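To start, the structure under review is shown below, and the notes come after it.
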Amino acid sequence: MDRRDFHRRLLGAAGTLALRGVPWQAVPRVDGARITQHLAALGEFGKNPQGGVSRVAYTEADRQGREAVLGWMREADLNPSIDAAGNLVGRRPGRDASLKPLVLGSHIDSVPEGGNYDGDVGSLSAIEVARALAGSNTQLRHPLEVMIFQNEEGGTIGSHAIGTGLGATELDRVSQSGKTIRDGIRFLGGDPDKLASVRRAKGDIAGYLELHIEQGGVLDEAKIPIGVVLGIVGIRHWDVTVVGFANHAGTTPMNRRHDALLVAARCIDMVNRQVRSIPGRQVGTVGRIRVEPGAYNVIPGRVVFGLELRDLEEAKTRELFQAIRGECERISREGGTTISFQESLTIAPALTDPGMRRSIAAAARSLNLKTLALPSGAGHDAQEIARIAPVGMIFIPSVGGISHSPKEFSRPQDIENGANVLLRTLLALDQR
Ligand SMILES: [Zn+2]
């Protein structure tokens, strides 16, 4: 490396010259006030008296919110359209038409009685990034696409259509709106018979970036403005069935019982201790239980409880499950019952791209913003796109760690910071 090169790298490391030959001072910035304004305007669609929104996918509020978003996409010169899966897709041409697009995206549908930030922050910031590029006449090498995916909350449906494709079973499933996914796609202006046209293969997308609120309290508590997401955790569910013997609760002595619920209770307590017994950020929960026959005066004969484990590392989840299963079997033997495990859901973890993580951290550094690397415990559209493209995710703090609630809140300054990191990361990826 010659002297000039050395200095350039040194400056790059300090964050003053991270873009090839372009000082950061010359890089466009987003208009934070406009994002806040658009967030408030979008919050009118499906607005609830107690605050927040119910903008469930495929409802009238969802359709109207999407109309507003289409308008903002047009103002950002994104020339948007609705794809066959019902996603809103905008595009800004690049200098080199032979390159695959860089994609920014998120969603604007909400859970019932949700908040104004989950999905909306990333969607409106992606559009604002495109607008900042248009406003400063910045043309990227890569084409840029902004994707607002439909029905994220109902199972990342729109992004699944792009990454993996939707099967007949999924299309026939009845969504929260009461409509099937198939009818919902039609309702939004898509065409469920032409879904093949939206599928992208591995290599069709140069990179995908998503800005999102953390939905947990780690960043807020640590007072760190930018989270660099390591990946979206894998999720595994089991139905655990304990079979004992239902008998008269008055006449069966305490030492002659095969109480399925007592065994289940000991197992549930053990799950919590087992998950906490090893270092790391894995989580384990028993969130549902069914007791049969379910009467005051009958010893429970059969219990089915739902076990969930989440972690970024598949191997760790596997080992944890083996340990839990072994302990459950021991507890069951002691309680005179039998126990069996039926796996009911497996979602593989989706890791973010290490290069993208570095670009996000460098972009944050150039804005003097501290970063923290963390996993995402919630699912996101990025996990679907990760099946076909390198993905990166930026988190901003959720005040109090509250989400899927009318009390969900992220500060305007944090949103603006996140959007500027999104913009700078995009510019850095464009030069790779
Ligand atoms: Zn979301």
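The values are calculated or read from the model by the stated rules, or taken from the named source; none is laboratory data. Computed from a predicted structure; not experimentally measured. All Cβ positions, glycine included, derive from the backbone under ideal geometry; neighbour counts span all protein chains shown. Each accessible area value is taken on the protein alone, full model and side chains, heavy atoms only, with ligands, DNA and RNA left out. Shrake-Rupley method; radii C 1.70, N 1.55, O 1.52, S 1.80 Å.
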For segment 72-214, the Kirkwood Rh over every pair of distinct alpha carbons, in Å, works out to 15.6
Relative to the chain, whose Cα atoms define the longest principal axis, helix 120-135 and its Cα axis are tilted in degrees, nearest 10, by 10
Estimated inter-spin distance, residue 319 and residue 295, nm [label 7 Å along Cα→Cβ]: 4.7
log10 I(q)/I(0) for segment 126-185, Debye formula on C-alpha points only (no solvent), q = 0.20, 0.22, 0.26 Å⁻¹, two decimals, reads -0.75, -0.82, -1.03
Accessible area (Å², per residue) of the chain, counting only protein heavy atoms and a probe of 1.4 Å: 45
Which of the listed residues, 181, 164, 143, is farthest toward the dipole's positive end in segment 89-193, when Lys, Arg count +1 and Asp, Glu count -1 at the beta-carbon? 143
Heavy-atom accessible area ranking, 1.4 Å probe, most first, across 72, 238: 72, 238
Could you name the lysines in cross-link range of residue 100, using Cα to Cα under 20 Å and dropping any fewer than eight places away on the same chain? 202
With a 1.4 Å probe and every protein chain left in place, tell me how much accessible area residue 257 has, in Å² to the nearest 10. 60
For 316, 202, 194, give me the order by solvent-accessible area with a 1.4 Å probe, most accessible first, ignoring ligands, DNA and RNA. 202, 194, 316
Normalised Cα Rg of the chain, dividing by 2.2 N^0.38 Å with N its residue count, works out at 1.11
Throw me the Rg/Rh for segment 30-95, computed over C-alpha atoms with Kirkwood Rh, two decimals. 1.03
Of all DSSP beta bridges in segment 87-204, antiparallel share, percent nearest 5: 50
If the cut-off is 26 Å between C-alpha atoms, which lysines fall inside it for residue 370, apart from same-chain ones fewer than 8 positions away? 223, 407
So residue 63 and residue 97, fully extended at 0.36 nm per residue minus their Cα-Cα distance, gain in nm 9.0 nm
Quote the charge dipole size of the chain about the Cα centre in Debye, to the nearest 20; the model charges only the Cβ of Lys and Arg (+1) and of Asp and Glu (-1). 1120
Of all accessible surface on the chain at a 1.4 Å probe, what whole percent is carbon and sulfur? 50
If I histogram all Cα-Cα distances within segment 231-367 using bins 5 Å wide from 0, what percent of pairs lands in each bin? 2, 10, 17, 17, 14, 11, 8, 6, 5, 3, 2, 2, 1, 1, 0
Quarter of Cα convex hull surface for segment 279-330, i.e. mean projection, nm²: 4.7
Which residue, 399, 49, 81, has the largest displacement toward the positive end of the dipole of the chain when charges sit on each Cβ (Lys, Arg +1; Asp, Glu -1)? 399
In square angstrom, rounded to the nearest 10, how much accessible surface does residue 381 have for a 1.4 Å probe? 0
What's the center-to-center distance, using Cα atoms, between segment 35-107 and segment 406-432 in Å? 17
By how many nm would the segment from residue 172 to residue 288 grow when fully extended, if each residue of separation counts as 0.36 nm and the alpha-carbon distance is taken off? 39.2 nm
Just subtract the alpha-carbon distance of residue 113 and residue 373 from 0.36 nm times their residue separation and send over the number in nm, one decimal. 90.6 nm
Segment 256-308, dipole about Cα centre (Lys/Arg Cβ +1, Asp/Glu Cβ -1), debye to the nearest 20: 100
If I take the Cα coordinates of segment 347-392 and project them onto the principal axes, what are the three extents in Å, biggest first? 36, 20, 14
Heavy atoms only, probe 1.4 angstrom, no DNA, RNA or ligands counted: give me 289, 181 ranked by accessible area, highest first. 289, 181
If one compares the long axis through the Cα atoms of helix 354-366 with the longest principal axis of the Cα atoms of the chain, the angle in degrees, nearest 10, works out at 60
Which angle between 0 and 90 degrees, to the nearest 10, do you get for helix 32-42 versus the longest principal axis of the chain when only C-alpha atoms count? 50
